[in-house]
Amino acid sequence: MTTARANAPTMATTMTVEATLTREQFIKLSLLRHLFRMSFYFYSFTCSLVTAYAIYTDRYLFLLIVWPPFLLYLLIGAADIIRTGLKQDQPFFLPTRYEFTSKGVAIRTSQGQSHLMWDQIASLKVMAGCYVLTLQGGTVLAIPLSAFPNGQGKLFETLVQNYLERR
């Protein structure tokens, strides 16, 4: 359910969104975030360089030095994501109410509530079928696009971008 109140016909000042993140959305989003980390880029770049060098010089032993840590990084990340996604009691799987106002974002679930100020939010992106609010510390809030019926998504993007620009 999404509701918006507007002061002017084109700009909402508050918006309330009720959404539940699915297990599949969580896993897709987490895998993408795992693959977009700086450590992934470091490992993949290093493996590429060493692999090129090993092939060029016929020193294939170097492949045994760089590829196992990279594969271990990928495997451990994927296993952790799947393990976390299988837990039934994760707060991000609960129905959540988000209230976006000039004072920030109020977040409520059956387990509790919290409030984020706009200066705690770094950016808004769309990933894996979700709007992803990235917090200053790197944590994310994911709200499925399906929580925004009838074009409310564009209104939400405008609202959030306006508040992020004002901080």
Rg (one decimal) and Dmax (whole number) from the Cα set of the chain, in Å, equal 20.4, 69
To the nearest 10 degrees, the tilt of helix 23-35 (Cα long axis) against the first principal axis of the alpha carbons of the chain is 50 degrees
If one compares the long axis through the Cα atoms of helix 152-166 with the longest principal axis of the Cα atoms of the chain, the angle in degrees, nearest 10, works out at 80 degrees
The percentage of the accessible area of the chain (probe 1.4 Å, all protein chains present) made up of carbon and sulfur atoms, to the nearest whole number, is 62 percent
Yeah, region 87-142 with a ≥ b ≥ c from its alpha-carbon gyration tensor (a/c under 1.5 is rounded, else prolate when a/b outruns b/c, oblate otherwise) is oblate
For the chain, dividing by residue count, accessible area per residue (probe 1.4 Å) in Å² works out to 61 Å²
Here the tail fraction of P(r) beyond 17 Å, over all Cα-Cα pairs of region 34-83, rounds in percent to 39 percent
Heavy-atom accessible area of residue 143, protein chains in place, probe 1.4 angstrom, given in Å² to nearest 10, is 0 Å²
The relative contact order of region 20-146, taking Cα pairs under 8 Å that sit 6 or more residues apart, comes to a percentage of 23 percent
Note to self, the chain gives a 222 nm [θ] from helices alone (DSSP H runs n ≥ 4, -39500 (n - 2.57) apiece, / all residues, nearest 500) of -14500 deg cm²/dmol
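The values are calculated or read from the model by the stated rules, or taken from the named source; none is laboratory data. Please read these numbers as outputs of a predicted model, since none were measured by experiment. For accessibility, only protein heavy atoms count, side chains too; no ligands or nucleic acids. Shrake-Rupley method; radii C 1.70, N 1.55, O 1.52, S 1.80 Å.
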